[in-house]
Structure formats: structure tokens, C-alpha cells
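Novice: Sharing a structure, written as C-alpha cells. Questions coming.
The values are calculated or read from the model by the stated rules, or taken from the named source; none is laboratory data. Since the model is a prediction, treat every value here as computed from it, not as a measurement. Counting neighbours? That spans all protein chains shown, and the Cβs are built from the backbone with ideal geometry, glycine included.
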């Protein structure tokens, strides 16, 4: 059982990503990183804008090293944007609080992250979720720790 | 009488930190820095996310070199976010206006700072306060100078 | 006739790169960028060290935006290291004077760059040249302008 | 079998490090990182200069993500200092070609790195090697790929 995504895993991800990109007819970029956030595979499909691979890397990196999907950081970013803005620069790539990133977790172990960029926020997120669902990665992640506390504050 | 925290002080802090981390059942990271904001001790307890030591350092650093707990900078950050954003990059580590950092002050002398990351904002802050209280560090700090001025403005 | 490498071109490059990586038995990373130096495709083959994709990007980027293979910048780097050191930070990625990068040029038009990292300098360079030769990209590039001038100086 | 060093592993490392630091009578700093180069534990023993924890982190980071001890990068740094200088900035922390860092590898798997700073180069290196030897980590690492090639060049 590999402890990080390998090329073989990345290729399976890319096949689904390309199929979905063609289906929705958008130029998309996909990034796959390992559990430490290091690049394993990136593809900018035809028509995707030049910066989209960088955006995809940031979503994949975030989902890997924060150990939850990048979109789950939104409550944190919203509730404390100044502090989150600083945290966002504390890693090797930007830590972003936006949809389109999914953590790759298998048998309870963190093995990497993927990031999608180039579609609408909903399309990016849906594509990332499709990859995770079809390939059977785990889908349970702990919410941002502050979310519950803040909900309680408002009671 | 040493004017900076030493390893012996840091170990006492870590014992309490680990006990509290286990008690609340969260993966936490703790940083201890000296009065100049330089690292003395860092521990990422099992289960803490990879970036949390960097966040803990920023809180400890801020509390040491600003000579008040990091959370006391919130009024400043809120009232002048553009300027605070610039100040936040003027040190060796990010200067952050968020809870979870406490200044280490003993007999009126600034001797260091601690930072906690990985729990809810309330948990991080409470753990830092518990350390300071149990070990008998001073707890009186001058408010940010602008706080009073601004309150006066509104009179 | 497209003026930039597309996914289809990148895939042909990756097939050769993977074949050669397996043949020499090294963990290698390959990057393909377009004529503006933007990522088109990156693959870190199994066993390649985590930083090698970043090194591969720098070689591909350099070869694309300097419009000559990265190794051809060595005379410049050697003859004026202070200035070259400054130039090396003026792009989006580091501009490097080392082997393993090849410019992708077709019918006289600059269409991108590739970078190889993870083998010996000779292996990286040979693999990049093999890709270019097998796929029929142009191989004529203008020497760095300073090379001739300096040779003249010594006459 | 854990895939990354945990606190328990780090504590065992720190016990040896502190014993050796006391034995040679120098103020030393020790850093332990996981396989992705993220901080697990840092200690600046009494008397160590303020910047030594940062130096220790760079050695530990390098040894983890380059998957060989930091000192094994010296031939690369010596043979191509301009390029190595650029590579040194491509990670989250500086990549350094100096003694005092050891890769943590167990049963053939990369699980982290340690870095020592504050003694002579020989003392730092010896301490790191002592830790690795006493705790039974693997000690076989592939040389820098260019080393053999360059030796051949000189034949």
C-alpha cells in the first residue's frame, strides 16, 4: 500500500479529469500532489488559460497539507480574513480557501491532493469530487476547528 | 535571573501543552520563542496538521516582539487593516492579530512568547492562558495604544 | 498550425520521456511549457525526488522564454555571474544556466520548452535532446549574443 | 509502521541530541522534520545562538526532501554553484549543501530528516550520524547523480 499517490494513481485521476473536461467543454487544468504537497502530475488541457495550472497547484497543495478539501477553509477565511491571508503564505505554495481542491485520503491515510481550475467554482468542485468518488478515496474530513465554536458563539 | 526563557522553561511549558492537547483530544502545535522572537522549542503533537508549527511560531513571535498577547492586536488590525498588513511583514516571522499567542513576562521583564495552533481559536487561546497561569508568568499588558485614542474619538 | 505546444504534443513528449526514464532506471521529472513559459504538463515519475518537478519547470521555462536551450546560457552565467544572477529572478520561474532544458521550436517558430531533472547533468540533457530529435523539433538556436563579443575581445 | 516520524520518534532523537550536546559542551539546536519537510520538533539547547534553529531546520528539510543527507549535496554545490544557488530556493525552506543533516529512512522508506547546528561542521555531522546510528535508521543513500558522471569526465 503506497503512502503517497504515484504516477499510476495520477494517471487514473487524469483520465477522469480529461473525460469530464471534454464533457463540460471547458479548458481546465488539473494538479496532483503528494501528501507533502509536492507536484506529482499537472496537465493543462487545451484551451485552459495560462495561469490555471498555478491555481490548480494551490488548490491541490492546500488540500494535501491542510488535510481537508480547500473549500472547507472558507469559514476560516471568512471569519478572520486578515489572519487567513497571512497563513496563506506560510507554505511552499499559496494556501487557498476555495472550491476545486480535494484531499486524497485512502484507508484513513493522507496520500495527496488534487486541484482543478478553469471552470466555474461549481464545475471545478464537482470535477474534483467526481475524481475522488469514482476512484474510491475517503470522503470524511474534520471541519475547520473554528466552525463549531463560532456557530456556538452565535447561539 | 535569566531574562529569556531557557530549555528548562520550555520543557515546563511543553508538559502542560501536551497534557492539555491530550485532554481536549486535538492535534496541536506549540512554539516557544525568546524575548527576541527566536525559536527555543517547537513541538507538533501527533495528528497536528503540517502547517500548524508555522502558525504557532507566528503567534509566539508576535507575542514576544510586540510585548503583548497576539490577540490584543485585533483592535489595531481591525481599525487600520492596510497599515497592520504592512507591519505584519516587518519582522522575521509574520506578526498576526489572532488568539493563541501569549507573551512570557516574569517579574516585569519580557522573557519570550508562546503560540498554539490546531484547535479552535478559543481552545488555542485557552491553552496559552493555562500555560501562563500555571507557571505564574505575569498577566498584565498594556493595551494597544490606539485603542484608547479611538475610544476617545467616539466620545 | 498552432504556435504553442498543446496537450497532444506534451503527451508525445511524455511517452518518450517515460520510456527513456525507464531505460536508464532513474526517477526523473519532466516539465513542458508553452512559448510564454506557462505550464502545459508536468510528470514526476515514481522515485523522482520531491523537488525535481520545480527544477524541471525552471529548465523548461528558461528554454522557452530565452528561446534557446538552458545550457546555452552557461557562457553568460560564467562571464557575468552577478548580472545573470539578477536576470535569473526576473521571470515567473527561475532562469537557469544548466543542461536538461530544450527549446521547442517548429518551422522556425518558438512553441515551448521542456525541462528534465533527476538524472546526471548528462542524462538530463541527453533525454531532452532525444525528445527534440525524435519529434522533429528544430535544433538551430542563436548563441548567446555575448559569446561572440567576448571571443572577439580576446583576439 | 508509521510513514513519518512522530513525536515519540522525535523525543528519542532529542534525548540523544541533548546528551551529546552536553557531552561536547556546545550550545546546539536540533530540528526534526517529516518526510515532506514539515516541522515535527525543534529544540535550541541553552547557549545556542538565536539563528541556529533556522539553520537546523534548513539541514533537516534538505535531508528530508532531497532524500539524502545534506552533506551529500556538496559535490553538486561545488561543481555548479550558480545553479545550486537557485535550486536552494525552490523549496519551502532553504536547500543547503552542508554537513549536519541526516535523512531519516526506515525499512527503505523516507520518514523525515534531522538537522544539527551550533557546533563545528564535524561536530554537527557527527551528532546527526550518532542519532541515526543509535536509533537504527537506514544509512544507505544514493550519491548525487552528477558525482559519478563528473568523476568519469575527469578520467
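Novice: Please name all residue pairs, on different chains or six or more residues apart, with Cβ atoms under 7 Å, provided the first residue is in the stretch A:93-122 and is at positive phi and the second residue is at pLDDT below 95 and assigned to a strand (DSSP E or B).
Specialist: Listed pairs, sorted by first residue: none to list.
Novice: From B:20, B:11, which residue is out of contact with any helix residue (DSSP H, G or I) (no Cβ under 6 Å at 6 or more places or on another chain) and over 21 Å from residue B:141 (Cα atoms)?
Specialist: B:11 is the lone residue from the list that is out of contact with any helix residue (DSSP H, G or I) (no Cβ under 6 Å at 6 or more places or on another chain) and over 21 Å from residue B:141 (Cα atoms).
Novice: Let me ask something additional. Keeping to the stretch D:69-82, report how many residues are modelled with pLDDT under 95 and buried (at least 24 other Cβ atoms within 10 Å of the Cβ).
Specialist: Count: 0.
Novice: Tally up the residues in the stretch B:105-128 that are within 12 Å of chain A (Cβ to nearest Cβ) and assigned to a loop (DSSP other than H, G, I, E, B), please.
Specialist: Total satisfying the criteria: 3.
Novice: Another question, if that's okay. Run residue C:140 past the list (1) in contact with a strand residue (DSSP E or B) (Cβ under 9 Å, 6 or more places away or on another chain); (2) modelled with pLDDT under 95; (3) within 21 Å of residue C:84 (Cβ to Cβ) and report the number of the one that doesn't hold.
Specialist: The failed condition is (3).
Novice: Which of the residues belonging to the stretch C:84-104 are within 12 Å of chain D (Cβ to nearest Cβ) and either crowded, with 21+ Cβ neighbours inside 10 Å or in a loop (DSSP other than H, G, I, E, B) (or both)?
Specialist: Of everything in the stretch C:84-104, those that are within 12 Å of chain D (Cβ to nearest Cβ) and either crowded, with 21+ Cβ neighbours inside 10 Å or in a loop (DSSP other than H, G, I, E, B) (or both) turn out to be C:88, C:89, C:91, C:93, C:94, C:95, C:96, C:97, C:98, C:99, C:100, C:101.
Novice: Here's a follow-up. Those residues that are more than 21 Å from residue A:46 (Cβ to Cβ) and in contact (Cβ under 8 Å) with a residue 24 or more places away in the chain, I need them from the stretch C:24-53; list them, please. Quick ask: steps written out before the conclusion?
Specialist: Narrowing the stretch C:24-53 to residues more than 21 Å from residue A:46 (Cβ to Cβ): C:24-29, C:44-53.
Within the stretch C:24-53, C:24, C:26, C:27, C:28, C:29, C:45, C:48, C:49, C:52, C:53 qualify.
Novice: Have a look at B:71, B:113 and point out the one that is under 17 Å from residue B:17 (Cα atoms) and within 9 Å of the chain's Cα centre (by Cα).
Specialist: Only one candidate qualifies: B:113.
Novice: Right, another one. Show me the helices (runs of 4 or more DSSP H) found entirely inside the stretch B:1-83 where at least 2 residues are within 13 Å of chain D (Cβ to nearest Cβ).
Specialist: Once the helices (runs of 4 or more DSSP H) in the stretch B:1-83 are filtered for at least 2 residues that are within 13 Å of chain D (Cβ to nearest Cβ), what remains is B:7-24, B:52-65.
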